[in-house]
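Undergrad: What follows is a structure written as structure tokens; I'll ask about it next.
The values are calculated or read from the model by the stated rules, or taken from the named source; none is laboratory data. Predicted model, so just to flag it, every value in this text is computed and none were measured. A quick note on method: Cβ atoms are made from the backbone with ideal geometry, for glycine too, and the neighbour counts reach across all protein chains shown. These accessible areas exclude ligands, DNA and RNA; they are computed on the full protein's heavy atoms, side chains included. Shrake-Rupley method; radii C 1.70, N 1.55, O 1.52, S 1.80 Å.
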Amino acid sequence: MKQPTPPRFPVTSLRLLCLLLVPLGFVAMALSLSRSFFVPSYVLSGCLHGVPRCRSVDTDDGGVRRGAESTREPEFRLLVGVMTTPRRYERRAILRLAYALQPPAEAARVDVRFVLCDVTDAADAVLVAMEAARHGDIVVLDCAENMNDGKTHAYLAAVSRLFAPAPYDYVMKADDDTYLRVAALADELRSQPRSDLYLGRGYAVGDDDPAPFMHGMGYVVSWDVAAWLSANDEILRRNDTHGHEDRLVGKWLNAGGRGKNRYNLKPRMYDINWDMDEFRHNTIAVHRLKDNHRWAAVLRHFNATAGIIKPSILQDHS
Ligand SMILES: *[C@@H]1O[C@H](CO)[C@@H](O)[C@H](O)[C@H]1NC(C)=O
Ligand SMILES: *[C@@H]1O[C@H](CO)[C@@H](O)[C@H](O)[C@H]1NC(C)=O
């Protein structure tokens, strides 16, 4: 059995956080139904009063988290924000398992959170609230759900406020059709600078090197870069958040002279073409897992279930 990890925040402040966030969360959710109020971004931390999982932010059975399970301090902390939409309940369930059953990242603490905009549908509001209460891994941003209208900006800008009490070293944006091999990524990050970093699969534009922006399947910026984005009012003033989100991230960083430590993880992060391609050796991320068959194929290939599925789990012959 895993040893329980010690709390990373003082329990009192965590309780306080829970007490503050949950009512705020539900109020904000209720308000969001009427759409005319300012709704602050918040983390649905899953800390309902009287629910044993109120410490879920810190425990292994709460928010999906892999990482150094030992009591040793991690060398760095990575937040992975998976962009998804309220209706994708099944995808989130698969992703939780896919992350939870991976080998832990050596030396890193990795927290995976699902990132939503306002949950406007009344049924989703209830179901997502329950999911958040159970898993404690859902972040709701102050935005209307969208593809190319600023959700990525809202996420990167919100992170440094939402997690200010316990900053991460790195912030990642990932798609919900990306399988990320956390240990491989953490291994790569371990030797990278902790600041001014922009890492992912570089998007090739001619022979540009370094790449002008990173492919949306998943990329990492260091905390200072996210904080800089958050403080950069110019982007919003110029209404420069509409359009191809990931290209825009590169544009902002290039214009601001940020992300100069730029690392291209191509070919270890890739789109897979199901008719022609094979999974690559040393994969960090595979993208375009659009249905359950593809998820099954990728999980099988990377041995996600090797050694953990005993015949008796699936079939009881006794
Ligand atoms: C911002 O840009 C979008 C897309 O180009 C446009 O629809 C919107 O009206 C603009 N907003 C403002 C306040 O100019
Ligand atoms: C999965 O396990 C098999 C058998 O142990 C091994 O040969 C293979 O290399 C593993 N695959 C990966 C991607 O690690």
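Undergrad: Near the amide H of V80, under 5 Å away, which other amide H atoms are found, from residues 5 or more places off or on another chain, if H is placed in the peptide plane?
TA: The list, which skips near neighbours in sequence, is D111, V112, R113, M172.
Undergrad: Show R190, R237, R91 ordered by accessible area, largest first, where the area counts protein heavy atoms only and the probe is 1.4 Å.
TA: R237, R190, R91
Undergrad: May I pose another question? Please compute the length gained on full extension between R88 and T305, using 0.36 nm multiplied by the number of residues separating them and subtracting their Cα-Cα distance.
TA: Stretched out fully, the R88 to T305 stretch lengthens by 75.8 nm.
Undergrad: Through the Karplus equation 6.51 cos²θ - 1.76 cosθ + 1.60, θ set to phi - 60°, convert the phi angles of the stretch 252-260 into ³J(HN,Hα) values in whole Hz; use x for Gly and Pro.
TA: Ordered by residue, 3J(HN,Hα) equals 4, 5, 5, 5, x, x, 10, x, 6 Hz.
Undergrad: Further question on the same structure: Expressed as a whole number of Å, what is the distance separating the alpha-carbon centroids of the stretch 106-168 and the stretch 175-237?
TA: The distance from the Cα centre of the stretch 175-237 to that of the stretch 106-168 comes to 18 Å.
Undergrad: Something else now. Could you give each residue of the stretch 213-230 its phi-based ³J(HN,Hα) in whole Hz, using Karplus coefficients 6.51, -1.76, 1.60 with θ = phi - 60°, and x for Gly or Pro?
TA: Result, ordered by residue: 7, 9, 4, x, 4, x, 8, 10, 10, 6, 4, 4, 5, 4, 5, 4, 4, 4 Hz.
Undergrad: How big is the charge dipole of the stretch 38-301 about its Cα centre, in debye rounded to the nearest 20, if each Lys and Arg gets +1 on its Cβ and each Asp and Glu gets -1 on its Cβ?
TA: Result for the stretch 38-301 is approximately 320 debye, rounded to the nearest 20.
Undergrad: Here is a further query. Under 5 Å between amide H atoms, partner at least 5 residues away or on a different chain: which partners does D176 have, H built in plane at 1.01 Å?
TA: M83
Undergrad: While we're looking at this one, here's another question. Among bridges DSSP assigns within the stretch 38-301, what percent are antiparallel (round to 5)?
TA: 45
Undergrad: Each residue of the stretch 187-198 in turn: what ³J(HN,Hα) in whole Hz from Karplus with 6.51, -1.76, 1.60 and θ = phi - 60°, glycine and Pro shown as x?
TA: 4, 5, 6, 3, 9, 8, x, 8, 9, 6, 9, 9
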